[in-house]
């Protein structure tokens with residue numbers, strides 16, 4: 001049976017599933033229930049400096065994007081960091097860590113971008129016995145207007161500076177949480193590494209407005225007729241998160257930097273994809289808020305079953321396995337030629353492939369008598385749209401033409417040799433190089 005025990009920065013947890021810093025990790029009551037449900041670790045909801053706590057709105061805090069079946073695709077939140085006193089949080093963290101020594105307990109922190117502010121809070125966090133800290137450089141709303149959160153995460157020099165302060169004044173792992181609200185995620189990741197960060201976590205939420213109420217003409221969630229941008233999370237942001245994780249994992253300047261993956265993890269498969277792209281752990285928020293803490297049990301059992309089927313004894317066996325297969329477009333093999341193939345036994349004659357291809361693609365699917373759909377290889381460019389819109393899994397596949405076969409669309413013989421854009425005769429730069 002697969003061993004899901006995870007060691008990340010020397011921090012051991014029974015599985016790689018951690019709750020992200022968010023409402024689910026706001027207090028001792030929540031975290032204890034989470035650990036009893038089976039979560040391997042938590043990142044405690046972001047703590048601020050001592051003094052009057054921040055003030056959250058007392059009206060709606062979440063907006064939502066639903067799928068056709070009311071499934072939650074994404075949540076937008078305008079909630080700030082913890083509004084509970086610092087001392088209360090620290091006492092609870094210490095009690096929880098003492099009672100659950102085998103679980104990862106990371107403390108998320110956000111204080112003003114001043115060295116003394118960090119020097120004041122770090123010793124107090126250290127006294128709790130927590131396993132490490134996560135620097136919240138990602139929140140896109142509320143705190144960023146105060147010069148914190150993504151206001152820091154968007155400036156690599158600030159990331160490096162604050163990370164260095166923390167490494168100099170704290171003797172346990174320092175994780176830097178990165179904002180996706182930036183052009184190139186590699187620069188803040190490099191800055192975190194240069195500042196001495198032990199790891200990065202990403203992504204934090206995406207700045208967004210999910211909807212507008214067309215009766216009040218106010219963005220949702222609406223507070224007394226007004227709305228604000230907030231942080232978007234959930235399954236909808238997963239593709240953005242996977243790309244950014246991969247960019248850091250394959251960047252020569254940050255390769256090998258440990259990563260905790262965040263962004264839409266809802267199933268074991270989501271987690272495995274993040275880990276295949278280099279994440280050593282995954283953090284979850286929206287799935288827990290949608291389905292409750294026990295959703296982790298399905299994640300654990302699903303990942304374990306998949307690992308058993310694949311012959312992976314531990315999670316380290318597949319972490320990063322997909323990274324070498326991520327490349328830039330210019331290096332894709334232009335001599336790889338495929339065609340769509342429809343399994344007539346599985347086809348339910350709905351015609352979605354035909355409509356999509358006829359109206360929006362390459363007119364490569366023909367409708368014959370009795371609604372039999374066939375592929376016209378002379379027009380098929382293997383765009384994969386028919387596969388994506390087909391409601392029957394496995395009904396349509398892309399089948400590769402073998403070297404030596406003639407592509408009916410181009411009339412050219414399929415070449416066996418690998419060839420990409422850098423050497424293609426249509427590339428003016430390639431001709432210049434010659």
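Every read-out reported here was derived from the displayed coordinates using simple, explicitly stated rules and does not represent laboratory data. Quick caveat, the model's predicted, so the values are computed rather than measured. For neighbour counting, all protein chains shown are included, and Cβ atoms are generated from backbone atoms with ideal geometry for every residue, glycine included.
For the chain, the convex hull spanned by the alpha carbon atoms encloses 186 Å³ per residue.
Extending 7 Å from the Cα toward the beta-carbon at both residue 331 and residue 317 defines two label points whose distance is 2.8 nm.
Helix content alone sets the calculated 222 nm mean residue ellipticity of the chain: runs of n ≥ 4 DSSP H residues at -39500 (n - 2.57) each, divided across all residues, give -8500 deg cm²/dmol.
Comparing mean-square fluctuations of 62, 158, 336 from a GNM of the chain with C-alpha springs under 10 Å, the top value falls on 336. Were the residues from residue 308 through residue 253 laid out at 0.36 nm apart, the gain over their Cα-Cα distance would be 16.4 nm.
Using the beta-carbon distance between residue 161 and residue 243 and R0 = 22 Å, what value does 1/(1 + (r/R0)^6) give for FRET efficiency, to the nearest 0.05? The partial results should precede the final answer.
On the way: r = 27 Å, r/R0 = 1.23.
Once the sixth-power term is evaluated, E becomes 0.20.
Computed from Cα atoms, the angle from the helix 86-99 axis to the main principal axis of the chain rounds to 70 degrees. For the chain, the longest principal axis of the alpha carbon atoms and the long axis of helix 295-310 meet at an angle near 50°. Taking 10 °C and 1.306 mPa s as conditions, the range 154-292 diffuses translationally at an estimated 99 µm²/s according to Stokes-Einstein applied to its Kirkwood radius (Cα pairs).
Comparing 41, 132, 292 in a Gaussian network model of the chain (Cα springs below 10 Å), the most mobile by mean-square fluctuation is 292. Placing dummy labels 7 Å off each Cα toward the beta-carbon, the span from residue 58 to residue 397 is 6.2 nm. Among DSSP beta bridges whose residues both lie in the range 120-264, state the antiparallel percentage, nearest 5. Taking every DSSP beta bridge with both residues in the range 120-264, the antiparallel ones total about 40 percent. From the alpha carbon centroid of the range 352-370 to that of the range 22-80 is 45 Å.
For the chain, the longest principal axis of the Cα atoms and the long axis of helix 156-169 meet at an angle of about 50 degrees.
Between residue 69 and residue 114, what length in nm is gained on full extension when 0.36 nm per residue of separation is reduced by their alpha carbon distance?
On the way: separation 45, 0.36 × 45 = 16.20 nm, distance 4.74 nm.
Difference between extended and current length: 11.5 nm.
The distance between label points at residue 422 and residue 216 comes to 5.6 nm (points 7 Å beyond Cα on the Cα→Cβ vector). How many percent of the alpha carbon pairs in the range 329-433 exceed a separation of 25 Å? In whole percent, the share of Cα-Cα pairs in the range 329-433 beyond 25 Å is 31. Translational diffusion coefficient of the range 28-132 (Stokes-Einstein, Kirkwood radius from Cα pairs, 37 °C, 0.692 mPa s): 211 µm²/s. When the chain is treated as a GNM with alpha-carbon contacts under 10 Å, the residue of 363, 297, 330 showing the greatest mean-square fluctuation is 363.
For the range 311-366, rounded, prolate or oblate, judged on the Cα gyration tensor with a ≥ b ≥ c (square roots of eigenvalues), a/c < 1.5 rounded, else prolate if a/b > b/c? Verdict is oblate for the range 311-366.
Along each principal axis, taking the top coordinate minus the bottom one, the Cα set of the range 144-214 gives 52, 23, 19 Å in descending order. Sequence-distant contacts, meaning Cα pairs under 8 Å at least 6 residues apart, place the relative contact order of the chain at 13 percent.
Taking 0.36 nm per residue of sequence separation and removing the Cα-Cα distance, the residue 228/residue 341 pair yields an extension gain of 35.9 nm. Once you reduce the range 232-252 and the range 204-223 to the center of their Cα atoms, the two points are 24 Å from each other. Legend: calculated FRET efficiency, residue 126 to residue 371, from the Cβ-Cβ distance at R0 = 51 Å, rounded to 0.05, equals 0.15. Note on residue 410 and residue 184: with the Förster distance fixed at 25 Å, the Cβ-Cβ geometry gives a FRET efficiency of about 0.10.
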